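Below you'll find the structure, written out as structure tokens, and then a few comments.
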Amino acid sequence: MLRAIILAALALCVGLTGLTTASYAETKAKAKMILDPAVHGLKRLEPLQLGVDGDSTKMTPTEYTLKVGQGYRWKIKASDLTEYALVMPEFARNIWIRKIEAGDPEIELKVVTFDELEFENGGELELFFVAVRPGTYKFGPRGLMERGMVGTITVEGADSLDIAPMKRGAADDDDDDDDDG
């Protein structure tokens, strides 16, 4: 009798979930997509290169323009010409950092903010973030900014976004009721 009840409960669970091995894998893949910031419409920024054309005191590009509320992926690559300690304190405190990926094999860092991104012998990382506060922010390698290795990130405010405002409550201009009579 107990065995029959257990089998019936198991059959009911399988019937309710309707999960086969294939549908379980599909559900798991969809869940990963939902949790992975890479699939949420993040825009790729042009990669930042520290050390260009054999010159350790050059970087490219030096200007970025972002929008508040938009998510971004920003690859930062450093040559092995010198040690770089990239600093951008105001910018780092005015974005929502989703994660930082670095290394091979890849490591994910989930942090609130950072003081500097240090590259001792070259390398690269990718910063996943959402711009949350408008402003103009300076960035560059510590010790080389004084020599002109400075970049600017401009984050435009919400008024520059191409997003329709949200409506609260019932719409006043709803014509569906007016057509009846």
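Each Cα pair of region 38-103 feeds into the Kirkwood radius, which the Stokes-Einstein equation turns, at 10 °C and 1.306 mPa s, into a diffusion coefficient of 117 µm²/s.
Spin-label model, residue 158/residue 102: points 7 Å from Cα along the beta carbon direction are separated by 3.4 nm.
Would you kindly calculate the mean projected area, averaged across all directions, of the convex hull enclosing the Cα atoms of region 111-152, in square nanometres? Write out the running numbers ahead of the final one.
Working: hull surface 16.4 nm².
Projected over every direction and averaged, the Cα hull of region 111-152 covers 4.1 nm².
Enclosing the Cα atoms of region 86-135 in their convex hull gives a volume equal to 73 cubic angstrom per residue.
Every number in this text was worked out from the coordinates using simple rules, so none of it is lab data. Quantities reported herein were computed from a predicted structural model and do not represent experimental measurements. Note that we place each Cβ from the backbone using ideal geometry, even for glycine, and neighbour counts take in every protein chain shown.
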